[in-house]
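Scroll down for the structure; my scribbles are underneath it.
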Amino acid sequence: NLFRVAGDMSHLASIFILLHKIVQLKSCSGISFKSQLLYLIVYITRYLDLPWTPSPYNFIFKILFISSQLYIIYLMARAYRPTNDPNLDTFRVEYLLGFAAVLAVLFPVRYTVLEIFWAFSIWLESVAILPQLFMLQRTGEAEAITAHYLFALGTYRALYIPNWIYRYVTEPTHKIDTIAVVAGVLQTVLYSDFFWIYYTKVMKGEKFKLP
Amino acid sequence: KIMVGGHDEL
């Protein structure tokens, strides 16, 4: 449906915005390496079913997400490493990994390796942006392009919510993927005050600056 | 609809 496709396109756009920023400005300043590494873990643990993906649409996106995220990690860890300031990126990701691991082991859809990793990736994705938001809070401002990246990334998960409602209403089975929905709503809520500042500042041509 | 892994979203 339209919400789902727009969400996935927004997700892909966010990655291209981030790559564009890093390559054009030859800098990854303002970007949390920890958040990016968490996203790589998210894609790898979620797409373990890659060889058995029945839908060409999903298959292509999975390849795109894993490969572009690997490239981002390469750029941040190797090519533009000196522009990356670890002193600003101090969020304790152990807590996020622990949170996702505990929920994944306690409440998977089924007790299989793939399902536990899938649930882990969903919970981890819901909080993976926290090191990035924490970094923004520490520096107090961000380049416009970084704000656009975060806006596109947040829009992706926000659009999945009307997608789930649409699917619930239109599909005869009326099934709800509880883990995905609860984690998806949590993820969207974490973006809410970023969205507000983006709307009140960046969309009106001002610098992204925290009050 | 047949879904191998059961999760058809990204």
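The values are calculated or read from the model by the stated rules, or taken from the named source; none is laboratory data. The model shown is predicted, which means the values in this text are computed figures rather than measured ones. A quick note on method: Cβ atoms are made from the backbone with ideal geometry, for glycine too, and the neighbour counts reach across all protein chains shown.
Could you tell me which of the residues A:125, A:115 is surrounded by 13 or more Cβ atoms within 10 Å (Cβ to Cβ), under 25 Å from residue A:89 (Cβ atoms) and of a type in the set (D, E, K, R)? I'd like the intermediate steps shown before the answer.
Working: A:115 fails: under 25 Å from residue A:89 (Cβ atoms).
So the residue among A:125, A:115 that is surrounded by 13 or more Cβ atoms within 10 Å (Cβ to Cβ), under 25 Å from residue A:89 (Cβ atoms) and of a type in the set (D, E, K, R) is A:125.
Report yes if some residue within segment A:149-167 is polar (S, T, N, Q) and under 30 Å from residue A:115 (Cα atoms); otherwise report no.
Narrowing segment A:149-167 to residues polar (S, T, N, Q): A:155, A:163.
Next, only the ones that are under 30 Å from residue A:115 (Cα atoms) stay: A:155, A:163.
Scanning segment A:149-167, I find at least one residue that is polar (S, T, N, Q) and under 30 Å from residue A:115 (Cα atoms), so the answer is yes.
Here are the criteria: (1) surrounded by fewer than 16 Cβ atoms within 10 Å (Cβ to Cβ); (2) at pLDDT 95 or above; (3) outside any helix (DSSP H, G or I). Tell me which single one residue A:110 does not satisfy.
Every listed condition holds for residue A:110 apart from (2).
Can you name the residue in segment A:1-15 that is within 12 Å of residue A:69 (Cβ to Cβ) and of a type in the set (A, V, I, L, M, F, W, C) and is also surrounded by the most Cβ atoms within 10 Å (Cβ to Cβ) among such residues? It would help to see each step written out before you state the result.
Just the residues of segment A:1-15 that are within 12 Å of residue A:69 (Cβ to Cβ), to begin with: A:11-12, A:14-15.
Those left that are additionally of a type in the set (A, V, I, L, M, F, W, C): A:12, A:15.
Details: A:12: 17, A:15: 20.
If we take residues in segment A:1-15 being within 12 Å of residue A:69 (Cβ to Cβ) and of a type in the set (A, V, I, L, M, F, W, C), then A:15 is surrounded by the most Cβ atoms within 10 Å (Cβ to Cβ).
Consider segment A:9-62. How many of its residues are within 13 Å of chain B (Cβ to nearest Cβ) and of a type outside the set (S, T, N, Q)?
Of the residues in that region, 21 qualify.
Would you pick out the residues in segment A:25-55 that are closer than 20 Å to residue A:10 by Cβ and of a type outside the set (S, T, N, Q)?
Listed by number, the residues that qualify are A:31, A:38, A:39, A:40, A:42, A:43, A:46, A:47.
For residues that are under 18 Å from the mean Cα position of the chain (by Cα) and surrounded by 13 or more Cβ atoms within 10 Å (Cβ to Cβ), scanning just segment A:78-100, find the one that is farthest from residue A:178 (Cα to Cα).
Out of the qualifying residues, it is A:89.
With over 17 Å from residue A:43 (Cβ atoms), more than 14 Å from the chain's Cα centre (by Cα), modelled with pLDDT of 95 or more and not in a loop (DSSP other than H, G, I, E, B) as the only criterion, which of A:103, A:75 stands out?
The unique qualifying residue is A:103.
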